[in-house]
1. Name the residue, out of Asp87, Asp65, that is closer than 22 Å to Ala169 by Cβ, out of contact with any Asp or Glu (no Cβ under 6 Å at 6 or more places or on another chain), in contact (Cβ under 8 Å) with a residue 24 or more places away in the chain and not polar (S, T, N, Q).
2. Out of Gly248, Gly225, Gly241, Gly216, which single residue is in contact with a Gly (Cβ under 7 Å, 6 or more places away or on another chain), at pLDDT 95 or above and at positive phi?
3. If you take the residues of the stretch 240-257 that are in contact with a helix residue (DSSP H, G or I) (Cβ under 7 Å, 6 or more places away or on another chain) and aliphatic (A, V, I, L, M), which of them is farthest from Glu210 (Cα to Cα)?
4. Tell me yes or no: at least one residue of the stretch 140-158 is in a loop (DSSP other than H, G, I, E, B), under 22 Å from Gly15 (Cα atoms) and in contact (Cβ under 8 Å) with a residue 60 or more places away in the chain.
5. Of everything in the stretch 178-227, what is basic (Lys, Arg) and under 18 Å from Arg17 (Cβ atoms)? Give them in sequence order.
6. Is it the case, given these coordinates, that Gly167 is surrounded by fewer than 21 Cβ atoms within 10 Å (Cβ to Cβ), under 11 Å from Ser243 (Cα atoms), of a type outside the set (Lys, Arg) and without any contact (Cβ under 8 Å) to a residue 12 or more places away in the chain?
7. Being more than 30 Å from Ala127 (Cβ to Cβ), assigned to a helix (DSSP H, G or I) and free of Cβ contacts under 8 Å to residues at least 60 places away in the same chain: is that true of Glu210 here?
Amino acid sequence: MSTDLAGRTALVTGGTRGIGRGIVEVLVASGASVVFSGRDAVAGELLQSSLPVGEGQTLSFVPADVSDVDSVAHLVSAARVALGGIDILCHCAGIYPEAELGSMTDAMWHDVIDTNLTSTMLLTREALPHLSAADNGRVILISSISGPRTGISALTHYCASKAGMEGFARAAAVELAASGITVNCVAPGTILTEGLAALYSAEGALESVEARIPAGRLGTPADIGHTVAFLASSDSSFITGQSITVDGGQTLPEVQG
């Protein structure tokens with residue numbers, strides 16, 4: 001049974017493709033009205049026009065660069081106008097360009113940290129008045145198993161940003177609890193998206209990863225979307241400051257000699 005989010009309003013960043021698109025699709029299917037953002041206006045407008053919505057629901061796309069403070073302010077303002085308020089903030093936008101430490105420039109580091117982590121603070125701060133005014137405000141951050149639980153070569157900046165996101169969530173959960181706002185993370189494992197396919201482009205690479213997942217398959221964007229929908233619902237009201245790992249058991253096996 002789908003989670004019932006009828007009458008709820010959500011702002012989703014990074015919603016034009018991959019995991020973010022899966023989140024948008026599940027939230028809309030659950031009855032929520034959604035504003036989603038991304039840098040690709042063509043992809044955003046295509047999703048807005050192709051995704052069916054129910055009676056009383058709205059779906060809107062707002063182009064945004066979440067690493068830019070003015071763009072974030074515009075996005076949150078546009079979402080409030082379109083939705084009449086913001087009950088749920090789901091931050092999924094993120095980048096993961098590969099760069100080894102020896103060749104990483106300051107600009108490479110800051111681009112990932114600003115897009116993935118600094119944006120978390122900017123969005124939460126900007127949306128806070130609307131979340132505080134909502135009935136059961138929700139902040140849901142899409143982190144990763146990479147950084148908080150595992151490490152990947154050539155992605156130190158990405159891993160640092162996702163570990164930082166989980167630390168932010170724990171502290172913000174304590175600070176915002178009195179306002180009735182919960183703050184949680186969803187930590188995806190290996191989810192089959194366009195970006196993942198490009199990252200594991202070598203022949204047999206994805207199959208090798210899949211073989212190490214106890215569930216026997218790669219995750220889908222909808223797997224993350226359904227977890228987000230649960231955290232956005234009233235059923236999760238006593239859960240805050242937590243990170244839910246959605247990885248098919250990928251991080252569980254011990255190395256055996």
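The values are calculated or read from the model by the stated rules, or taken from the named source; none is laboratory data. Quick caveat: nothing in here was measured; it's all calculated off a predicted structure. Please note: Cβ atoms are built from the backbone with ideal geometry, for glycine as well, and neighbour counts cover all protein chains shown.
1. Sole residue among the options that is closer than 22 Å to Ala169 by Cβ, out of contact with any Asp or Glu (no Cβ under 6 Å at 6 or more places or on another chain), in contact (Cβ under 8 Å) with a residue 24 or more places away in the chain and not polar (S, T, N, Q): Asp87.
2. Gly248
3. Ile244
4. Within the stretch 140-158 (the criterion being in a loop (DSSP other than H, G, I, E, B), under 22 Å from Gly15 (Cα atoms) and in contact (Cβ under 8 Å) with a residue 60 or more places away in the chain), the answer is yes, since at least one residue qualifies.
5. none
6. yes
7. The answer is yes for Glu210.
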